[in-house]
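For reference, the structure is listed below as structure tokens.
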Amino acid sequence: MTVTLNAYNVVAARCAAEYLEMHETMERGNLIYKIDVFLTSSIFRSWKDSIIVLQTTKFLLPLSEELKVVSDCIDCIATKACIDVSKVDWSYTYNRKKLPEENGNDPNWNGVRNRPVPKDWWVEDLCELEIGLYKRVLVNIKNIGIVSNDVIGEALKAYAYRRLPGFSKGMIQSGDMAKYRSVVDTIVWLLPADKGCVSCSFLLKLLKASILVNSGEMDKFELVRRIGQQLEEASVNDLLIRAPEEETTMFDVSTVQKIVQEFLMQDKSAEIESLEESHELQETRSGILSEASKLMVAKLIDGYLAEISKDPNLTLSMFVDLAEMVCNISRPAHDGLYRAIDMYLKEHPGISKSEKKRICKLMDCKKLSVDACMHAVQNERLPLRVVVQVLYFEQVRAAASSGSSTPDIPKGIKDLNSGSHGSSRSATTNTEEDWDGVATAEDLKALKGELAALRLANGVGGSERNGDGKSNVDKAAINKMKGLLKSKILTKLWSGKGGQGDNSGSDSSDSLGSANPEEGKSTPSRNRRHSVS
């Protein structure tokens, strides 16, 4: 009887021969010897046959393991994966980039590859292995130490997309959750230590998957740590992690706070390390985070805040706490933060005046672009104090752009930030409650008209100077501003001041909209126009 051995039945035949004791001591050229020769001379020489044989071993455990068929297959596969790509001359699967000649869609393909073999040529074929065998092969490949960590990362990414249904959308479809947990935990364990070997987006998908399959806290902590190290690469959609079912909010804000904290800790860790080094090294050492990375993360969090603000159950404290984590990162424009604040006010109309004041303090009115200022002046959701600040700083910017000197800040406007309201005569009309209230649509319309007039007045005649050194347009702009402050809209501010505003010689460096007083100086760089990003 002729028996044809192939990759699908050779392990079963080998185990049967072992069970029947078909050794050389019984008869020369017995079945065990013939199968071992077949494995060595044929199966282990073939890339795909080796993978097929390894897959079949799981059905014949533990005997296939005792006969070393499993370990021999793993060694063979790992060795082939680490070979120089110039020596790869066997068939392999490579559909991820949809190459026409690899998919049989190229009519001009003559069966010979006309492009170099990619470094990750073996990645897709190994996705056929179950997680236990896959882990052993990857560990073997990593131990050989020839394959780069980038390729290892690509292999783990391909396996996750293949083995975790819904992973690409940041979710896990219903199924064998224990099996999916094993896949997620193994991938996290196999991640190379090097930063950047996998993308931040992939790490965040892994984190979402680990939450859904209820992985251990250590795995989640490791992912949070890694994500924090390259947070500047993330997008807003990447950070939208669904909150657990027992939570009232839509998104898991606390996890994002932990990620941001890990990002900011990098600089602190660098400072601690620098203290342990010599004085010479301390002079040349700088923080590990670049200003560009910090700015990207600040903008990312602004966008994230705007997105989660749509959740009616998001508390003010959660919004403010996250925003304050990046408040020390200097940003040329606060348009993104303004959009987030405006979105929160829109979706949470029932918050108190004090809460509106608290959230608006996060924003620096001097750092709003022209378009954002125009929107803010017409925004009925903002407290009146913020509208007045925005209006005044837009006038300051217009004066600077026309070449005029920066006008002095009236005492009444400075009081908006400090909470002081001058003399006791104004105590009944200039209360905090008044300024934390919102302006009416009629008031905002008048403010808009005054703002347009101020910008127009500063657009012409900036070169004429009078005896006191100020341009005529500059004086006109100041007078225009004082006239506005004395108008019906701002009577609360100016009444009872005893003319303080007209005699105000206040330094224009005092900050109004900024939580950081040191950022208040009106320098040319701060008065540049920024488009809404």
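If the label point is 7 Å along Cα→Cβ of residue 168, which residues in region 120-158 have backbone nitrogen under 19 Å from it?
Label zone hits: 123-128, 154-158.
What order do you get for 297-306, 147-156 when each peptide is scored by the mean count of other beta carbon atoms within 10 Å, highest first?
The packing order, highest mean first, is 297-306, 147-156.
Using only alpha-carbon positions, what ratio does the radius of gyration of region 1-93 give when scaled by 2.2 N^0.38 Å?
1.14
DSSP loop GluC sites (Glu not before Pro) in region 205-257 with at most 14 other Cβ atoms within 10 Å of their Cβ, which ones?
245, 246, 247
If you stretched the chain out fully between residue 261 and residue 310, how much longer would it get, using 0.36 nm times the residue separation minus the C-alpha to C-alpha distance?
15.3 nm
How many percent of the accessible area of region 148-229 is carbon or sulfur, using a 1.4 Å probe?
50 percent
In Å², and per residue, what accessible area does region 148-229 have when probed at 1.4 Å with the other protein chains present?
42 Å²
Could you calculate the FRET efficiency of residue 33 with residue 235 from 1/(1 + (r/R0)^6), where r is the beta carbon distance between them and R0 is 60 Å, rounded to 0.05?
Efficiency, from the Cβ-Cβ distance: 0.50.
Run the quick spin-label model on residue 371 and residue 189: label points 7 Å from Cα toward the beta carbon, then report their separation in nm to one decimal.
Placing both labels 7 Å beyond Cα along the Cβ direction yields 5.1 nm.
Spin-label point model (7 Å from Cα, Cβ direction): what's the residue 128 to residue 214 distance in nm?
Taking the two extended label points, one gets 3.5 nm.
Going out from 0 in 5 Å bins, what whole percent of all Cα-Cα distances in region 148-229 drops into each bin?
Values per bin, smallest distances first: 3, 17, 31, 28, 16, 5, 1.
What is the distance, in nm, between label points placed 7 Å from the Cα along the Cα-to-Cβ direction at residue 24 and at residue 87?
2.8 nm
Which loop GluC sites (Glu not before Pro) in region 22-95, with loop taken from DSSP, have no more than 10 other Cβ atoms within 10 angstrom of their Cβ?
Passing sites in region 22-95 are 24, 27.
Calculate what fraction, in whole %, of the accessible area of region 1-93 sits on carbon and sulfur atoms when a 1.4 Å probe is rolled over the protein chains.
Numbers: 3080 of 5510 Å².
Within region 1-93, the accessible surface is 56 percent carbon and sulfur.
Would you grab the residues whose amide H sits under 5 Å from the one on residue 252? Only those 5+ places off in sequence or on another chain, please, with H modelled 1.01 Å from N.
241, 242, 243
What FRET efficiency comes out for the pair residue 179/residue 1, r = Cβ-Cβ distance, R0 = 25 Å, nearest 0.05?
That pair, residue 179 with residue 1, gives E of 0.05.
The values are calculated or read from the model by the stated rules, or taken from the named source; none is laboratory data. What you are looking at is a predicted structure, and each value in this text was computed from that prediction instead of being measured. Here the Cβ is made from the backbone with ideal geometry for all residues, glycine too, and neighbour counts use every protein chain on show. Remember, those area values only see protein heavy atoms, side chains included, never the ligands or the DNA or RNA. Shrake-Rupley method; radii C 1.70, N 1.55, O 1.52, S 1.80 Å.
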